[in-house]
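J.: Just passing along the structure, written as structure tokens.
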Amino acid sequence: MLFDYHLHTSRCGHARGTMEEYVIAARSLGIGEIGFSDHIPLYWLPEAQRDPGLAMSFSQLPGYIEEVNFLQRKYSDMTIKLGIEADYIPGHEDELKKVLDQYSFDYVLGSVHYIDGWGFDNPAYIAKYQEWDINELYERYFALLQQAAQSGLFHVMAHCDLIKKLGYRTQMD
């Protein structure tokens with residue numbers, strides 16, 4: 001059976017269409033299970049620094065959960081899971097756990113989109129790649145992925161190759 005547990009909605013600022021359209025599209029493609037996993041609010045940043053193009057706000061989180069629950073009831077012949085994608089930010093594990101513990105998610109995708117505050121997969125900040133030795137950058141990224149996996153906060157790690165998104169690759173000997 002085909003499934004997709006990494007669906008974002010318009011609430012996270014970088015997806016289009018309604019959640020119901022996703023369900024209908026999945027059904028038409030023969031996908032028997034889906035899971036919505038919008039980006040959790042940027043919990044580690046002061047509210048004024050949270051970018052609505054990257055993640056939903058805390059005020060949107062209850063509506064997101066309510067909409068998934070509604071779709072689960074409406075399309076009860078299909079498995080629709082309630083997930084969330086959460087960034088791993090070293091030093092902020094307790095804050096993240098506090099947010100996650102408030103809700104009954106079916107699963108939590110862990111991800112690393114930031115290295116020392118730098119959103120490395122954001123084209124707006126591509127110039128910062130020039131400040132790194134590419135091999136050291138990859139080592140730092142994979143060390144953060146390992147820390148995230150060992151934190152116990154996540155059920156699975158998402159897009160473990162995100163560091164290559166903008167085309168920067170390590171040099172092979």
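The values are calculated or read from the model by the stated rules, or taken from the named source; none is laboratory data. Here the structure is a predicted model, which means the values were calculated and not measured. FYI the Cβ positions are ideal-geometry reconstructions off the backbone, even for glycines, and counts take in every protein chain you see. Accessible surface is based on the protein model in full, side chains and every heavy atom, while ligands, DNA and RNA are left aside. Shrake-Rupley method; radii C 1.70, N 1.55, O 1.52, S 1.80 Å.
J.: Can you give the FRET efficiency to the nearest 0.05 for Glu66 and His155, using r as the Cβ-Cβ distance and R₀ = 30 Å?
T.: Numbers: r = 22 Å, r/R0 = 0.73.
In this case the efficiency is close to 0.85.
J.: Dipole of the chain, Cα-centred, from +1 at each Lys and Arg C-beta and -1 at each Asp and Glu C-beta, to the nearest 20 debye? Walk me through the numbers before you get to the answer.
T.: Details: 14 positive and 25 negative charges, 79 e Å.
Dipole about the Cα centre, nearest 20: 380 debye.
J.: Apply the a/c threshold of 1.5 to the C-alpha gyration tensor of the chain and tell me whether it is rounded, prolate or oblate.
T.: Values: a/c = 1.91, a/b = 1.58, b/c = 1.21.
Note, shape of the chain comes out prolate.
J.: Considering only protein heavy atoms and a 1.4 Å probe, what is the carbon-and-sulfur percentage of the accessible area of the range 127-173? Present the calculation step by step, with values, prior to reporting the outcome.
T.: Numbers: 1530 of 3170 Å².
Ligands and nucleic acids excluded, carbon and sulfur reach 48 percent.
J.: Here's a follow-up. I'd like the Karplus ³J(HN,Hα) series for the range 114-121: coefficients 6.51, -1.76, 1.60, θ = phi - 60°, whole numbers in Hz, and an x wherever there's a Gly or Pro.
T.: The phi angles translate into 10, 10, 6, x, 8, x, 5, 9 Hz.
J.: Over what distance in Å are the Cα centres of the range 72-127 and the range 1-64 separated?
T.: 10 Å
J.: Would you work out if the range 93-152 is rounded, prolate or oblate? Take a ≥ b ≥ c from the square roots of the eigenvalues of the alpha-carbon gyration tensor; rounded if a/c is under 1.5, else prolate when a/b is larger than b/c, oblate otherwise.
T.: Cα axes put the range 93-152 in the prolate bin.
J.: Next up: When only DSSP loop residues count, what trypsin sites (Lys or Arg not before Pro) in the range 2-57 have their Cβ near at most 12 other Cβ atoms within 10 Å?
T.: Details: sites: Arg11, Arg16, Arg27, Arg50; in loops: Arg16, Arg50.
Answer in residue order: Arg16.
J.: Could you give the accessible area per residue of the range 1-118, probe 1.4 Å, as a whole number in Å²? Write down the numbers at each step before the final one.
T.: Details: 5910 Å² over 118 residues.
Dividing the accessible area of the range 1-118 by its residue count gives 50 Å².
J.: In terms of modelled amide H atoms, which long-range or inter-chain residues lie less than 5 Å from the amide H of Phe36?
T.: Amide H to amide H, under 5 Å and 5 or more residues apart or across chains, Phe36 pairs with Lys81, Gly83.
J.: Could you go through the range 80-88 in sequence order and give the Karplus-derived ³J(HN,Hα) for each residue, using 6.51 cos²θ - 1.76 cosθ + 1.60 with θ = phi - 60°, rounded to whole Hz, and x for Gly and Pro?
T.: 10, 9, 9, x, 8, 9, 10, 6, 8
J.: Roughly to the nearest percent, how much of the accessible area of the range 1-122 is carbon and sulfur, given a 1.4 Å probe? Could the numbers behind the result be given before it?
T.: Values: 3070 of 5980 Å².
That fraction is 51 percent.
J.: A follow-up question, please. Which far-off residues, 5 or more places away or on another chain, put their amide H under 5 Å from the one on Val156, with H placed in the peptide plane?
T.: Val108, Gly110
J.: Which residues in the range 14-36 place their backbone N less than 20 Å from a point set 7 Å from the Cα of Ser76 along the Cα-to-Cβ direction?
T.: What the label zone holds, given the 20 Å backbone N cut-off, is 20, 23-24, 27, 32-35.
J.: Here is a follow-up. Report the FRET efficiency, 1/(1 + (r/R0)^6), for Thr170 and Glu95, where r is their Cβ-Cβ distance and R0 is 25 Å, rounded to 0.05. Display every interim value, and only then the final one.
T.: Working: r = 32 Å, r/R0 = 1.29.
Given R0 = 25 Å and the Cβ-Cβ separation, E is 0.20.
J.: Spelling out what I want: for every residue of the range 144-151, take phi, set θ = phi - 60°, compute 6.51 cos²θ - 1.76 cosθ + 1.60 (Karplus), and round to whole Hz; glycine and proline get x.
T.: Per-residue couplings from phi come out as 5, 4, 5, 4, 4, 4, 7, 5 Hz.
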